[in-house]
Amino acid sequence: MPSIPVPSVPEPASSELPPGMAAAGQISTEELQLAARNHGMPLEALRYPITPVGLHYLLIHFDIPAVDAGTWRLSVEGRVRSPLTLTLEEVKARPAVSVAVTFECAGNGRAGLSPRPITQPWLLEAVGTGQWTGTALGPLLEEAGMLDDAVEVVFTGLDRGVEGGVEQQYQRSLSLEDARREDVLLVYELNGQPLPPQHGFPLRLMVPGWYGMTNVKWLSTITVVDEPFLGYQMARGYRMRATPEEEGTPVTRIAPRALMVPPGIPEFLSRRRVVPADSVCVLTGRAWSGWGVIERVEVSTDGARTWDDADLKEVMSPAAWRGWTYPWQPTGPGEFELACRATDSASNTQPLDPPWNVGGYSNNSVQRIHVTVAPPASHSP
């Protein structure tokens with residue numbers, strides 16, 4: 001994973017906040033609107049190897065388009081010898097692949113930054129793992145016959161809106177090398193069922209290991225171009241920048257992260273956990289990375305001062321999260337801070353402190369859970 005220099009940013013007074021930023025704990029009405037439209041995966045759903053569709057995280061930039069599968073067509077055009085137009089049934093008639101893949105929003109963890117960008121205020125729940133079924137993109141591009149001057153492939157969705165003052169359809173691009181990867185799919189099923197409307201029915205792009213913004217939903221057009229694509233979602237959105245004026249570097253692969261199922265029971269408002277003191281508490285969770293397979297998960301029960309290795313479960317697929325467990329025996333009643341962190345096969349490890357950037361992207365600092373260990377319950381004779 002490339003190293004991205006980020007500045008150390010002191011928390012300013014609310015009156016000194018730069019445009020587009022908010023102090024920790026301040027949520028605007030606009031952000032509440034976004035949070036009501038989108039949703040995260042409840043962390044207790046980490047217990048499921050494959051996330052049930054209704055619990056999978058969801059981020060929709062504009063509106064969910066109304067699509068008639070009977071009249072929908074996929075176009076492959078641009079710098080190709082033989083442009084293609086395919087119906088959904090023709091896409092589904094091609095060789096099918098089914099694979100478990102973890103999706104995570106690039107802004108997951110954004111709400112933990114200060115100052116915080118004013119946008120979708122994710123905590124840690126913007127993740128989910130689906131069993132995705134579709135057909136490989138590469139053979140479709142070969143069938144269309146890309147011309148020698150081809151540079152990138154642009155993917156256009158049917159969703160349309162305004163962002164950054166620019167009216168646009170949602171579009172992202174990939175280099176020819178990335179688009180030709182064997183694991184890049186055009187998917188039409190999630191967990192054995194047709195894509196739900198909110199997940200991109202009837203067809204979406206899937207690029208395993210990359211943050212969610214890459215996986216264009218409601219896909220309608222694939223355009224091969226002879227120069228780098230400079231649409232808003234590539235040139236301004238989803239770039240790591242220390243200041244708004246910088247060009248920055250693209251957000252691409254998912255940084256390593258481990259998450260824990262919050263143990264015990266929650267207090268309703270604060271979600272602070274309560275665990276009994278008279279039993280072993282088996283901590284469980286999942287870990288993933290777009291840079292390699294998870295090779296280590298560590299757990300701390302003392303506020304990230306000391307760490308111990310968790311037991312790893314089998315790998316489901318190279319691009320899916322990996323389960324882990326850790327038996328914890330609380331040392332008596334009191335207050336504890338639990339944490340977990342992951343290391344992948346490329347030797348990337350989660351940081352303790354969040355790296356800051358303008359968009360609030362790729363904040364993979366360790367999860368911390370505050371737990372009250374309660375005295376054993378008294379029993380009447």
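The values are calculated or read from the model by the stated rules, or taken from the named source; none is laboratory data. Because the structure is a prediction, the values reported are computed rather than measured. Reconstructed Cβ throughout: ideal geometry from the backbone, glycine too, with neighbour counts over all protein chains shown.
Take the residues in segment 81-91 that are out of contact with any Gly (no Cβ under 9 Å at 6 or more places or on another chain) and not in a strand (DSSP E or B); name whichever of them is surrounded by the fewest Cβ atoms within 10 Å (Cβ to Cβ).
Of segment 81-91, the ones out of contact with any Gly (no Cβ under 9 Å at 6 or more places or on another chain) are 83-86, 89-90.
Now drop any that are not not in a strand (DSSP E or B), which leaves 83, 89-90.
On the way: 83: 13, 89: 9, 90: 12.
Per the criteria, the residue is 89.
Here is a list of conditions, (1) at pLDDT below 95; (2) of a type in the set (S, T, N, Q); (3) farther than 27 Å from residue 257 by Cα, and residue 119 meets all of them except one; can you say which number that is?
(3)
Counting only residues that are among the aromatic types (Phe, Trp, Tyr) and in contact (Cβ under 8 Å) with a residue 60 or more places away in the chain, which one in segment 284-321 is farthest from residue 259 (Cα to Cα)? Full working, then the answer.
First, the residues of segment 284-321 that are among the aromatic types (Phe, Trp, Tyr): 288, 291, 307, 321.
Next cut, in contact (Cβ under 8 Å) with a residue 60 or more places away in the chain only: 288, 291, 321.
Numbers: 288: 9, 291: 17, 321: 10 Å.
Ranking the qualifying residues of segment 284-321, first place goes to 291.
Might you let me know whether segment 305-318 holds any residue that is of a type outside the set (D, E, K, R), outside the structural domain of residue 106 (by TED's automatic domain parsing), buried (at least 19 other Cβ atoms within 10 Å of the Cβ) and closer than 29 Å to residue 120 by Cα?
No, every residue in segment 305-318 fails to be of a type outside the set (D, E, K, R), outside the structural domain of residue 106 (by TED's automatic domain parsing), buried (at least 19 other Cβ atoms within 10 Å of the Cβ) and closer than 29 Å to residue 120 by Cα.
Per-residue answers, yes or no, for (1) of a type in the set (Gly, Ala, Ser); (2) within 24 Å of residue 316 (Cα to Cα); (3) in the same structural domain as residue 314 (by TED's automatic domain parsing):
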site	(1), (2), (3)
187	no, yes, no
191	no, yes, no
213	no, yes, no
222	no, no, no
281	no, no, yes
284	no, yes, yes
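Within segment 101-113, which residues are at negative phi and either surrounded by fewer than 20 Cβ atoms within 10 Å (Cβ to Cβ) or assigned to a loop (DSSP other than H, G, I, E, B) (or both)? Quick ask: steps written out before the conclusion?
The first filter runs over segment 101-113 and keeps only residues at negative phi, leaving 101-108, 110-113.
105, 106, 107, 108, 112, 113 - these are the residues of segment 101-113 that are at negative phi and either surrounded by fewer than 20 Cβ atoms within 10 Å (Cβ to Cβ) or assigned to a loop (DSSP other than H, G, I, E, B) (or both).
Looking at (1) in contact with a helix residue (DSSP H, G or I) (Cβ under 8 Å, 6 or more places away or on another chain); (2) surrounded by fewer than 16 Cβ atoms within 10 Å (Cβ to Cβ), find the lone condition where residue 329 falls short.
Of the numbered conditions (1) in contact with a helix residue (DSSP H, G or I) (Cβ under 8 Å, 6 or more places away or on another chain); (2) surrounded by fewer than 16 Cβ atoms within 10 Å (Cβ to Cβ), the odd one out for residue 329 is (1).
Looking at segment 292-301, can you tell me whether even one residue there is among the acidic types (Asp, Glu), modelled with pLDDT of 95 or more and touching a Pro at 6+ places or on another chain (Cβ under 6 Å)?
no
Among the numbered criteria (1) assigned to a helix (DSSP H, G or I); (2) touching a strand residue (DSSP E or B) at 6+ places or on another chain (Cβ under 9 Å), which single criterion is violated by residue 177?
If we test residue 177 against (1) assigned to a helix (DSSP H, G or I); (2) touching a strand residue (DSSP E or B) at 6+ places or on another chain (Cβ under 9 Å), just (2) comes out false.
Take residue 38 and tell me if it is of a type in the set (S, T, N, Q), crowded, with 17+ Cβ neighbours inside 10 Å and either over 18 Å from the mean Cα position of the chain (by Cα) or farther than 24 Å from residue 322 by Cβ (or both). Before you say what the answer is, go through the steps one by one.
On the way: of a type in the set (S, T, N, Q): yes; crowded, with 17+ Cβ neighbours inside 10 Å: yes; either over 18 Å from the mean Cα position of the chain (by Cα) or farther than 24 Å from residue 322 by Cβ (or both): yes.
Criteria met by residue 38.
Would you list the strands (runs of 3 or more DSSP E) that sit entirely within segment 186-299 and hold 1 or more residues that are under 30 Å from residue 69 (Cα atoms) and among the hydrophobic types (A, V, I, L, M, F, W, C)?
Working: elements: 204-206, 219-225, 257-260, 273-276, 281-288.
Output list reads 204-206, 219-225.
Output the number of the condition that residue 364 fails; it satisfies all remaining conditions of (1) in contact with a Lys or Arg (Cβ under 8 Å, 6 or more places away or on another chain); (2) surrounded by fewer than 17 Cβ atoms within 10 Å (Cβ to Cβ); (3) touching a residue at least 40 places away in the same chain (Cβ under 8 Å).
Checking residue 364 against (1) in contact with a Lys or Arg (Cβ under 8 Å, 6 or more places away or on another chain); (2) surrounded by fewer than 17 Cβ atoms within 10 Å (Cβ to Cβ); (3) touching a residue at least 40 places away in the same chain (Cβ under 8 Å), the one that fails is (2).
Got a sec? Which of 211, 188 is of a type in the set (Phe, Trp, Tyr), at pLDDT 95 or above and within 19 Å of residue 108 (Cα to Cα)? Can you show your working first?
Details: 188 fails: within 19 Å of residue 108 (Cα to Cα).
Matching residue, one of 211, 188: 211.
Considering each residue of segment 110-166, count those that are free of Cβ contacts under 8 Å to residues at least 24 places away in the same chain and in contact with a helix residue (DSSP H, G or I) (Cβ under 6 Å, 6 or more places away or on another chain), and give that number.
Of the residues in segment 110-166, 0 are free of Cβ contacts under 8 Å to residues at least 24 places away in the same chain and in contact with a helix residue (DSSP H, G or I) (Cβ under 6 Å, 6 or more places away or on another chain).
Name the residue that is farthest from the chain's Cα centre (by Cα), counting only residues in segment 245-258 that are surrounded by fewer than 13 Cβ atoms within 10 Å (Cβ to Cβ) and more than 19 Å from residue 174 (Cα to Cα).
Per the criteria, the residue is 245.
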